[in-house]
1. For Lys181, give me every one of the aspartates and glutamates with a C-alpha distance below 19 angstrom, ignoring sequence neighbours fewer than eight places off in its own chain.
2. If I compute Kirkwood radius over Cα pairs in Å from the structure I just sent, which labelled value in [x] 19.0; [y] 16.6; [z] 17.3 lines up?
3. Given points 7 Å out from each Cα along the Cα-Cβ axis, report the Gln168 to Arg52 separation in nanometres with one decimal.
4. Which helices, counted as full DSSP H runs in the chain, have an axial Cα extent of no less than 15 Å and a Kyte-Doolittle average of -0.5 or above?
5. At a Förster distance of 45 Å, what's the computed FRET efficiency of Trp118 paired with Ala178, Cβ-Cβ distance as r, to 0.05?
6. Cut-off is 10 Å between beta-carbons; in what order do Ile64, Ile87 appear when sorted fewest neighbours first?
7. What do you get for trypsin sites (Lys or Arg not before Pro) in the stretch 8-77 restricted to DSSP loop and a cutoff of at most 16 other Cβ within 10 Å of the site's Cβ?
8. Between Gln2 and Ile98, with labels modelled 7 Å along Cα→Cβ, what's the label distance in nm to one decimal, could you check?
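Every number here is computed from the coordinates shown, using simple stated rules; none is lab data. Not measured: the values here are computed from a predicted model. Cβ: placed from backbone, ideal geometry, glycine included. Neighbour counts: every protein chain shown.
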Amino acid sequence: MQPYLRPTAVIDWQQPQVLAQARTLSAAKPVDTARHCFEWVRDRVLHSADHRRNPVTCTASEVIQHRTGYCYAKSHLLAALLRANHIPAGFCYLRLSINDDGAPYSLHGFNALYLQPWGWVRVDARGNRPGLDTRFDPPNDSLAFGGKLYGECTFANVLAEPLPVVVQALQAGTSWDAMLKRLPDVEPGEYGSLGLKPA
């Protein structure tokens, strides 16, 4: 489980702001700690597009500083808060039709966390809005989107690090609206080279 606990350049949970927030969310039981972390990121960090918020954030410390992020960035912060509390956390993705009618497509990012006695539980802290309601409900997964239309795909992987295409897109983002026009995607022909396995 060590890869799902370590800090990285993006999941920089050893940064003072991240570590301090992680400590305030800690509880006696890991399941309660996980719930606190999930609900804090879901509710206290605003989704960049939903709320038209700049800047485009990527690292956990950037997200916690600015209290905004796209789904990918929010997943980076949630993983950091969980790892800081010794709860293994990884990254999961869906490929979605942006307009629900085929191309163009984009990735949607969320987390999986490991809790006894259930194992990996998938959670989606992107932020609720009318028509979207995600909750912390182990052992059940709770996701914002289904990924069932033609060309869409849910990946079975729980990755220890975010996909490079996601990190690159966030780091290149200049504003929330510019980012919305160039959301990261992975073509079906790339699944194999990236080790992505359709569920």
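1. Hits, sequence-local ones excluded: Asp50, Asp100, Asp101, Glu152.
2. [y]
3. 3.1 nm
4. 71-84
5. That gives a FRET efficiency of 0.70.
6. Working: Ile64 24, Ile87 21.
Sorted ascending by nearby Cβ count, the order is Ile87, Ile64.
7. Here the sparse-neighbourhood loop sites are Arg52, Arg67.
8. About 4.1 nm, to one decimal.
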